[in-house]
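Below is one structure, written out as structure tokens; the observations come after it.
The values are calculated or read from the model by the stated rules, or taken from the named source; none is laboratory data. These numbers were taken from a predicted model, which means no experiment stands behind them. Cβ placement follows ideal geometry from the backbone for every residue including glycine, while neighbour counts extend to all protein chains displayed. Please note that ligands, DNA and RNA were not included when accessible areas were found on the heavy atoms of the full protein model with its side chains. Shrake-Rupley method; radii C 1.70, N 1.55, O 1.52, S 1.80 Å.
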Amino acid sequence: QGTRDHAPAQAALRERLLSAVVSCFKRHGAAAIDTPVLELRETLVGKYGEGARLIYELKDQGGELLALRYDLTVPFARYLAMNKITKMKRYHVAKVYRRDNPATTRGRYREFYQCDFDIAGQFDPMIPDAECLKIVHEILSDLQLGDFVIKVNDRRILNGVFAVCGVPESQFIPACCTVDKLDKVPWEEVRSEMVGEKGLSPEVADRIGEYVQLHGGLDLIEQLLQDPKLSQNKVAKEGLGDMKLLFEYLTLFGITGKISFDLSLARGLDYYTGVIFEAVLLQQDNEHLEEPLSVGSVAGGGRYDGLVGMFDAKGRKVPCVGVSIGIERIFSILEQRLEASGEKLRTTETQVLVATPQKHLLAARMKLISELWNAGIKAEMLYKKDPKLLKQLQYCEDTGIPLAAIVGEQELADGVVKLRDVATRKEVRM
């Protein structure tokens, strides 16, 4: 089906993961919003490049053409336009749907969560963009997923490259979608698709190849600013100027060690207008390799200044930049690690089990557990009238409940509760 059920341990892991991501978004001052799962088909079509074929289209009984949301960005832009909002910092965690070929081992599903953070509004260049990259760095560092790199590029630089290499403007987006495959396939295959399927001449493809295989940092930006062809292209020059400014801000944030200016990064979505970025986990399989192997993208985003205007009757634009965390891929990695380690994950947050050592004390248990619940304490008890104490303590060990509140005949007579630390077996009367 391309979807999956989650056992309690998996669900608990997912919840912890989502909680860590949301905590980061809140730390940066974002407010939560929500949008419907269903959108009008016309809202989604024409925004996703070649990904449009993966949109789930529906027809309701009234004859309206609807679709399941493909991502959280387009609905957000529609929301801003409908409500005439010109400034907002938001996060949204929700499911999206893609009619894709599932690859469950790689965390690729037809129904999956996205965790988005976006900044909308007219601000000075590159300050919000730098914060989005800082958020990606924070989340991947906090989750301790291993080594990673955040690739950055700019659609204006790419468009400038295409222009100086002789690509017709009508072919920019198809060329972009082809270049976007460079992280998965070698340049020879990408070149072959450009010539064979996209109709570009071999000479044009070769000129593109000279640029899109470059990656580096500030030094590369400076090099391209001096490039005789690219420096003459107004759009590319703007993009390179902003990229230089972005790197200055990322230096102040102290994260440039994980950032790579990579001209092969294209991100095939139609709506990007400026800076684009993608975070990739790295895996050093072999110590003799010069560069670590990539194990896939776990976050991506960019600037989309024209999207809100598409939904506004008067075409009013609201500049936006945002990032989406690929929670399913991260979840798959953490799940595999958990299985490999044999570590047991708690599936509940229960703090204490209310237990009794003798028969006919169900009323005492129910009275005590009610007091604990009313006091906001997470508590459980076994659903048997007269369970054996050993079984109750075994349940604590099996589920990781740290404390047992034991109330027997003697404790009732003395007006106390015996609190037992399940791990150490130490007891105190309270």
Cβ neighbours within 10 Å, averaged per peptide: list 214-224, 177-187 in order, most packed at the top. 177-187, 214-224
Amide H contacts of Val298 (H built 1.01 Å from N, under 5 Å, at least 5 apart or other chain): Ala279, Val280, Leu281
The chain: antiparallel bridges as % of DSSP beta bridges, rounded to 5, reads 80 percent
Among (1) 1.24; (2) 1.05; (3) 0.99, the entry matching Cα Rg over 2.2 N^0.38 Å as calculated here is (1)
For a Förster distance of 51 Å, can you work out the FRET efficiency between the beta-carbons of Leu252 and Glu189, rounded to the nearest 0.05? 0.85
Using distinct alpha-carbon pairs, which all enter the 1/r mean, Kirkwood radius of segment 352-429 in Å: 12.4 Å
For a Förster distance of 25 Å, can you work out the FRET efficiency between the beta-carbons of Ala31 and Glu371, rounded to the nearest 0.05? 0.10
At a 10 angstrom cut-off on C-beta neighbours, averaged per residue, how do the peptides 235-242, 15-22, 368-375 rank from highest to lowest? 235-242, 15-22, 368-375
Rounded accessible area per residue of the chain, 1.4 Å, Å²: 51 Å²
How far, in nm, would the chain grow between Arg429 and Glu64 when pulled straight, counting 0.36 nm per residue and subtracting the alpha carbon separation? 124.7 nm
Partner lysines for Lys391 [C-alpha distance under 26 Å; skip if fewer than 8 residues away on the same chain]: Lys344, Lys359, Lys367, Lys378, Lys418, Lys426
What list of ³J(HN,Hα) couplings, whole Hz, do you get for segment 153-163 from phi and the Karplus terms 6.51, -1.76, 1.60, once you set θ to phi - 60° and write x for glycine and proline? 7, 9, 4, 5, 5, 4, 5, x, 4, 4, 5
Segment 15-37 and segment 299-351: distance between their alpha carbon centers, rounded to Å: 9 Å
